[in-house]
Amino acid sequence: MLTIDKVTKKYKAQTALCGVSIELDCGIYGLLGPNGAGKSTLMNIITGNIKPTDGKVLWDGSDIYELGEKFRSLIGYAPQQQGLYNSFTGRRFLAYMAALKGIHKKEVKSEIERVLSFVNMHDAADRAISGYSGGMKQRILIAQAILGEPALIVLDEPTAGLDPKERVRIREQVMALAGNKIILVSTHVVSDIEPIADEILLIRSGSIVDRDSVGNLCKKYNGSKDLEDVYMHIFGKEKSYAASDSI
């Protein structure tokens, strides 16, 4: 169980998050909102990359900062194409990340093979990351995120900037991860999260304004026909990135 308890984050005069409280159990959750809504800030707080100004993040009732390394070993995090070493091959990058995660040396090779198979990257594993397409970079980031079978997987805008075919591929890979894990996907692309999420968390101006299943949200907001309608109802002119390019 992941608990975000009254989390606030301020940057001088700006408040990025305002008293966010949510609980997440196993399942796929879409964190949906326009750019600047606070999605990435919340992701970075959940993963321990930045500390909240107020509030706590708890894993099974324990503060993540008190858990320290134990909590970090439970997380798989894929940021927005950041942290990649372009001179590394995909395989070397995965080996490096496996070492950082503390995966036993005897298990590293088989674990790398497992995640390469999962993202269908064997053919490109020994090529330099600098030559990867945007979609390939996203897939290798997902591969490193699932090294070690983490219980909590956090994906920050995993389909940003990708063409429709690559977005479908990433979406299918996220679906394949479902099971006894918490998967949190931040996005402003409605069509990428609507088919796969167990619940949608709607965030605006640093606050969670609603959360529910896609079906219940559609019923709640004037009988909307799809999540895009809900998005437009809540965020108005902040139109979804993929509203005219549904996949």
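The values are calculated or read from the model by the stated rules, or taken from the named source; none is laboratory data. In this text the structure is predicted, and so the values were computed from the model without any measurement. Because the Cβ atoms are built from the backbone with ideal geometry, glycine has one as well, and the counts that use them run over all protein chains shown.
Tabulated values for the structure
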{"item": "Positions within the range 30-67 being loosely packed, with under 14 Cβ neighbours inside 10 Å and modelled with pLDDT under 90, in sequence order", "result": "ASN35"}
{"item": "Leading residue by the ranking (surrounded by the fewest Cβ atoms within 10 Å (Cβ to Cβ)) among those in the range 1-24 that are at pLDDT 95 or above and closer than 28 Å to ALA176 by Cβ", "result": "GLU23"}
{"item": "Within the range 166-195, tally of residues that are surrounded by 19 or more Cβ atoms within 10 Å (Cβ to Cβ), within 24 Å of GLY38 (Cα to Cα) and not small (Gly, Ala, Ser)", "result": "15"}
{"item": "Criterion: part of a strand (DSSP E or B) and within 13 Å of the chain's Cα centre (by Cα) - qualifying residue of LEU184, LEU141", "result": "LEU184"}
{"item": "Scope the range 144-179; condition assigned to a helix (DSSP H, G or I) and of a type in the set (Val, Ile, Thr); matching residues", "result": "VAL168, ILE170, VAL174"}
{"item": "Failed condition for ASN86, given (1) free of Cβ contacts under 8 Å to residues at least 24 places away in the same chain; (2) in a loop (DSSP other than H, G, I, E, B)", "result": "(1)"}
{"item": "Residue match in the range 41-50 (condition: of a type outside the set (S, T, N, Q) and in a strand (DSSP E or B))", "result": "no"}
